[in-house]
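Input: a single structure, listed below in structure tokens.
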Amino acid sequence: MTEMQREVLKIAMPWLFMAVFLVVWEIACVACQIPEIILPRPSRVFEVFVQRFDILLRFCWDTLWTTLIGFLIAIAGGLLLGLAIGASPFVYSGLYPLLIAFNAIPKVAIVPILMIWVGVGALPAVITAFVISFFPIVVNVATGLATIEPEMRDVLRSLGATRTEILTKVGIPRAMPYLFASLKVAITLAFIGSVISETVGGNRGVGFLMLSASARNDAPTTFAGLFAIAIMGVAMYAVCALVEKRMTRWAFRGEIVT
Amino acid sequence: MAFVELTGVSLTYRLGKDSTLALADATLAIDKDEFIAVVGPSGCGKSTIMKLVTGLLPASGGEVRVDGKKVTGPIKGVGMAFQNPTLMPWRTTMDNILLPMEVVEPHKRRFRSRRAEYVERAMKLLRTVGLADFADKFPWQLSGGMQQRSNLCRALIHEPELLMLDEPFGALDAFTREELWGVMQALWMEKRFTGVLVTHDLREATYLADTVYVMSRRPGRIVLSKKIDIPRPRTLATTFEPHFVDLVHELRDRIHQEHA
Ligand SMILES: Nc1ncnc2c1ncn2[C@@H]1O[C@H](COP(=O)(O)OP(=O)(O)OP(=O)(O)O)[C@@H](O)[C@H]1O
Ligand SMILES: [Mg+2]
């Protein structure tokens with residue numbers, strides 16, 4: 001195999017695996033005569049996907065923007081809190097246990113509470129997306145700061161730099177790869193958050209679409225919603241991975257990582 | 001009065017119950033614009049002395065004074081080349097070298113307006129150490145010796161009153177090293193600053209210093225202070241003259257006693 005063929009194969013592999021997966025699924029459905037209401041064939045899901053594309057798009061769009069807003073707030077808040085925790089041992093010892101306790105709460109449990117406070121609509125979804133994707137960002141940024149090589153800090157200290165200067169010249173650049181690495185995880189979690197909120201009690205978004213479709217025993221539409229979520233999730237993950245690669249080339253010492 | 005004064009300075013590293021006495025009793029005085037060298041066996045506390053003088057570590061006992069003032073925290077604006085080149089991987093070599101200009105007064109305030117001038121200054125330094133073509137490369141694209149030379153440029157760029165060099169030529173080949181001795185000497189004769197050089201190379205110490213201090217094994221103390229009475233500028237030819245060779249031998253004999 002030449003170098004070229006190897007490269008092509010590497011790019012083609014995920015698509016190949018997906019195709020095999022879908023074909024096996026299709027054959028299994030036909031061969032075992034599984035009723036559509038339990039597990040629709042992928043071709044049928046695809047058909048519904050195309051047929052009801054405009055509706056799907058509208059509901060997806062609702063989910064997408066609530067997720068993104070929650071995610072953006074999580075980045076801003078996570079970065080600030082992560083910097084505070086990483087830079088100060090006092091904030092660390094005070095807040096870290098609380099954060100862990102908070103993270104241990106299943107997020108499904110807070111949706112009903114949110115609905116009491118802010119009602120139904122976009123807001124609970126935004127908040128759930130924020131709450132669930134916030135934690136990995138905080139932890140990663142704080143870790144990035146806490147693991148700065150002491151020598152690197154000494155260089156600045158010996159020049160007479162202030163704490164703020166040390167933070168901006170070493171701390172933040174050093175924490176960036178950790179931040180970007182956490183974004184990939186956080187964006188998928190944000191999707192989980194907003195869809196949970198839509199499913200538990202909402203009147204909008206893909207989660208709601210799936211819920212109402214399954215209430216009508218409309219399995220193909222439910223699955224089409226599932227596929228749509230997966231596509232959005234992968235797409236956002238890819239965007240985050242791309243941003244990561246662009247912003248933190250030094251962390252990989254210029255090597256191309258895929 | 002001496003510019004840098006260490007009186008009975010000791011230092012113990014502590015980590016939980018574990019403690020290491022790194023430096024037992026260091027007493028030395030460096031005059032203003034004097035260039036001294038510290039030699040001694042590995043692990044005897046040379047790097048530790050550097051950190052004590054610059055205030056990066058607080059002394060466990062004794063007193064460190066710089067410019068008449070007792071050192072209690074990091075002192076401002078020293079030029080320091082650490083033993084391992086601690087360049088920042090997210091900055092290009094040029095930006096790494098410019099770092100002191102972004103932090104040290106008064107350059108800090110005019111950094112933006114005079115950037116071009118500072119870049120030219122950094123380029124001049126890079127040229128003297130033979131790295132002019134690598135200004136835009138990142139540190140991880142440089143060899144170990146090249147990183148060390150950049151590290152030296154960073155220590156020099158703001159023309160500090162006090163220059164601390166911890167084995168700055170350690171990773172270089174003999175030829176580049178000897179060339180840089182010349183560069184260092186010329187710089188010192190032109191600008192006149194107080195210099196402290198830690199090295200394992202006795203010829204290097206003798207070539208560059210006014211006074212060479214020999215340290216004992218850990219826990220370190222100063223066991224010999226030797227004035228080098230060879231006029232400057234010294235050249236490579238100087239290093240083969242009998243008097244120079246005698247001085248090196250004397251230092252070597254003293255260090256051998258430490259290994260005995
Ligand atoms: N951060 C630290 N924690 C604990 N012990 C340390 C630390 N740094 C140095 N030491 C110990 O202190 C002693 C002196 O170390 P130092 O780095 O000053 O030696 P050195 O003279 O610079 O040696 P070399 O010539 O090998 O660089 C060593 O025995 C070392 O084990
Ligand atoms: Mg050392």
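The values are calculated or read from the model by the stated rules, or taken from the named source; none is laboratory data. Just so it is clear, the model here is predicted, and its values are computed rather than measured. Backbone-built Cβ (ideal geometry, glycine too); neighbour counts: all protein chains shown. In case anyone asks, the SASA skips ligands and DNA or RNA and just uses the protein heavy atoms, side chains included. Shrake-Rupley method; radii C 1.70, N 1.55, O 1.52, S 1.80 Å.
With springs only between Cα atoms under 10 Å apart, run a GNM on chain B and tell me which of B:86, B:199, B:48 wobbles the most.
Result for chain B, Cα springs under 10 Å: B:86 fluctuates most.
Could you state the angle between the C-alpha long axis of helix A:53-87 and the longest principal axis of the C-alpha atoms of chain A, as a value from 0 to 90 degrees rounded to the nearest 10?
Roughly 20 degrees, rounded to the nearest 10.
Evaluate E = 1/(1 + (r/R0)^6) for residue B:60 and residue A:22, where r is the Cβ-Cβ distance and R0 equals 56 Å; express this FRET efficiency to the nearest 0.05.
Working: r = 70 Å, r/R0 = 1.24.
Efficiency, rounded to the nearest 0.05: 0.20.
Report the paramagnetic label zone for residue A:151: residues of segment B:157-193 whose backbone N is under 15 Å from a point 7 Å from Cα along the Cα-to-Cβ axis.
Taking a point 7 Å out along Cα→Cβ of residue A:151, the residues of segment B:157-193 whose backbone N falls under 15 Å are B:165-172.
Run lengths n ≥ 4 of DSSP H only: what is the helix-derived mean residue ellipticity at 222 nm for chain A, with -39500 (n - 2.57) per run over all residues, to the nearest 500? Intermediate results must be reported in sequence, preceding the final value.
On the way: 11 runs with 208 residues, N = 258.
Per the formula, -27500 deg cm²/dmol.
Ignoring any ligand, DNA or RNA, what whole percent of the accessible area of chain A comes from carbon and sulfur when the probe is 1.4 angstrom?
Details: 10330 of 13980 Å².
That share works out to 74 percent.
Viscosity 1.306 mPa s, temperature 10 °C: Stokes-Einstein D of the protein assembly as shown from its Kirkwood Cα radius, in µm² per second? Each step should come with its number before you reach the end.
Numbers: Rh = 27.8 Å.
Estimated diffusion coefficient is 57 µm²/s.
Zone of residue B:14 (label point 7 Å along Cα→Cβ, backbone N under 20 Å): which residues in segment A:80-97?
A:89-90
Highest mean first, how do B:91-103, A:120-132 rank when packing is the count of other Cβ atoms within 10 Å averaged over residues? All intermediate terms of the calculation are to be shown ahead of the outcome.
On the way: B:91-103: 21.9, A:120-132: 23.5.
Result, highest mean first: A:120-132, B:91-103.
Identify, among B:170, A:242, B:41, the residue whose Cα sits farthest towards the positive end of the charge dipole of the protein assembly as shown, taking +1 on the Cβ of Lys and Arg and -1 on the Cβ of Asp and Glu, with the dipole about the Cα centre.
A:242
Where nothing but the Cβ of Lys and Arg (+1) and of Asp and Glu (-1) is charged, how large is the charge dipole of segment A:198-255 around its Cα centre, in debye to the nearest 20? Don't jump to the answer; show the numbers that get you there.
On the way: 6 positive and 4 negative charges, 52 e Å.
So the dipole magnitude of segment A:198-255 works out to roughly 260 debye.
Using only atoms on other chains, find how many Cβ atoms lie within 10 Å of each Cβ of peptide B:75-83 and report the average. Mind dumping the intermediate values first?
Details: counts 4, 5, 3, 3, 2, 5, 1, 5, 1.
Mean partner-chain Cβ count within 10 Å for B:75-83: 3.
With a 1.4 Å probe and all protein chains left in place, how much of the accessible area of segment B:84-159 comes from carbon and sulfur atoms, in whole percent? Please report the intermediate quantities before stating the final value.
Details: 1610 of 3320 Å².
Roughly 49 percent, rounded to a whole number.
Compare the Cα positions of B:111, B:60, B:29 along the charge dipole of segment B:5-143 (+1 at Cβ of Lys, Arg; -1 at Cβ of Asp, Glu; about the Cα centre) and return the one farthest towards the positive end.
The residue sitting most towards the positive pole is B:111.
Angle, helix A:89-104 long axis vs. longest principal axis of chain A, Cα atoms, 0 to 90°, nearest 10?
10
What does the buried accessible surface come to for B and A, summed over both chains, with the probe at 1.4 Å? Round to 100 Å².
On the way: alone 12660 and 15030 Å², together 25650 Å².
Roughly 2000 Å².
Mean Kyte-Doolittle hydropathy of -0.5 or higher plus an axial Cα length of 24 Å or more: which whole DSSP H helices in chain B meet both? All intermediate terms of the calculation are to be shown ahead of the outcome.
Values: long enough: B:174-191 (25 Å, -0.18); B:242-259 (25 Å, -0.98).
Helix filter hits for chain B: B:174-191.
Between residue A:163 and residue A:230, what length comes free when the chain is fully extended (0.36 nm per residue of separation minus the Cα-Cα distance, one decimal in nm)?
Numbers: separation 67, 0.36 × 67 = 24.12 nm, distance 4.38 nm.
Value of the extension gain: 19.7 nm.
Pairs B:32/B:227; A:169/B:51; B:76/B:226; B:17/B:46; B:51/B:191: which exceed 26 Å Cα-Cα? Could you put the intermediate results ahead of the total?
Working: B:32/B:227 15 Å; A:169/B:51 21 Å; B:76/B:226 30 Å; B:17/B:46 24 Å; B:51/B:191 24 Å.
From B:32/B:227; A:169/B:51; B:76/B:226; B:17/B:46; B:51/B:191, over 26 Å: B:76/B:226.
Taking θ = phi - 60°, what integer Hz values does the Karplus form 6.51 cos²θ - 1.76 cosθ + 1.60 yield along segment B:27-37, in sequence order, with x for Gly and Pro?
Couplings: 10, 7, 10, 10, 6, 5, 6, 8, 10, 10, 10 Hz.
With θ set to phi - 60° and the Karplus curve 6.51 cos²θ - 1.76 cosθ + 1.60, what are the ³J(HN,Hα) couplings of segment A:121-136 in order, to the nearest whole Hz, using x for Gly and Pro?
x, 6, 4, x, 5, 4, 5, 4, 4, 4, 4, 7, 9, 5, 4, x
For the ranges A:13-19, A:145-151, what's the packing order if you count other beta-carbon atoms within 10 Å of each residue, average per peptide, and put the highest first? It would help to have the intermediate numbers written out before the result.
Details: A:13-19: 10.0, A:145-151: 14.4.
Put in order of decreasing packing, that is A:145-151, A:13-19.
Give me the percent relative contact order of chain A, please, defined on Cα pairs under 8 angstrom at least 6 residues apart.
Details: 297 pairs, mean separation 66.1, N = 258.
Here the relative contact order equals 26 percent.
For residue A:57, put the label point 7 Å out on the Cα→Cβ axis and report which residues of segment A:191-229 keep their amide N under 12 Å from it.
Flagged as within label range: none.
Are there any residues in segment B:106-142 with a reduction of at least 10 Å² in accessible surface when going from the isolated chain to the assembly of protein chains? Probe 1.4 Å, please list them by number.
Those residues are B:108, B:138, B:140.
When the dipole is taken about the Cα centre of chain A, and only Lys, Arg (+1) and Asp, Glu (-1) are charged at their Cβ, what size is it in debye, to the nearest 20? Can you show the working numbers first?
On the way: 19 positive and 15 negative charges, 73 e Å.
Charge dipole of chain A: 340 debye, to the nearest 20.
Quick one: which residues, 5 or more positions from residue B:35 or on another chain, have an amide H under 5 Å from its amide H? H modelled 1.01 Å from N in the peptide plane, none for Pro or chain starts.
Excluding prolines and chain starts, which carry no amide H, the hits are B:195, B:210, B:211.
Determine the distance separating the Cα centre of segment B:211-260 from the Cα centre of segment A:1-80; give it in Å without decimals.
About 74 Å separates the Cα centre of segment B:211-260 from the one of segment A:1-80.
Send over a whole-number figure in Å² for the accessible area per residue of chain B, probe 1.4 Å. Please report the intermediate quantities before stating the final value.
Details: 11670 Å² over 260 residues.
That works out to 45 Å² for each residue.
Show which aspartates and glutamates lie in cross-link reach of residue A:184 when reach means a straight Cα distance below 18 angstrom and same-chain residues fewer than eight apart are skipped.
Excluding near neighbours in sequence, the set is A:244.
Only Lys, Arg, Asp and Glu count, each charged at its Cβ (+1, +1, -1, -1), so figure out the dipole size of the protein assembly as shown about its Cα centre, rounded to 20 debye.
On the way: 54 positive and 47 negative charges, 185 e Å.
The dipole of the protein assembly as shown has a size of about 880 debye.
In segment A:155-175, which residues become less accessible by 40 Å² or more once every protein chain is in place, relative to the chain on its own, using a 1.4 Å probe?
Buried on complex formation: A:155, A:157, A:158, A:159, A:160, A:165, A:169.
Return the residues of segment A:230-254 for which accessible area with all protein chains present is lower than in the chain on its own by 50 Å² or more; set the probe to 1.4 Å and exclude ligands, DNA and RNA.
For segment A:230-254, once contacts with the other chains are taken into account, A:250, A:253 lose 50 Å² or more.
Could you work out how much longer the chain between residue A:247 and residue A:215 gets when fully extended? Use 0.36 nm per residue separation minus the Cα distance between them, nm to one decimal. Could the numbers behind the result be given before it?
Numbers: separation 32, 0.36 × 32 = 11.52 nm, distance 4.51 nm.
Full extension from residue A:247 to residue A:215 adds 7.0 nm.
Would you mind giving the mean number of other chain beta-carbons within 10 Å of the Cβ of each residue in A:83-93, as a whole number? Intermediate values should be presented prior to the final figure.
Values: counts 0, 0, 0, 0, 0, 0, 0, 0, 0, 0, 0.
Average neighbour count from other chains, rounded to a whole number: 0.
Roughly how many Å² is the accessible area per residue of chain A, as a whole number, for a 1.4 Å probe? Write down the numbers at each step before the final one.
Values: 13980 Å² over 258 residues.
Accessible area per residue: 54 Å².
Taking the Cα centre of the protein assembly as shown as the origin and placing charges on Cβ (Lys, Arg +1; Asp, Glu -1), which of B:79, A:106, A:185 is farthest toward the positive end of the dipole?
A:106
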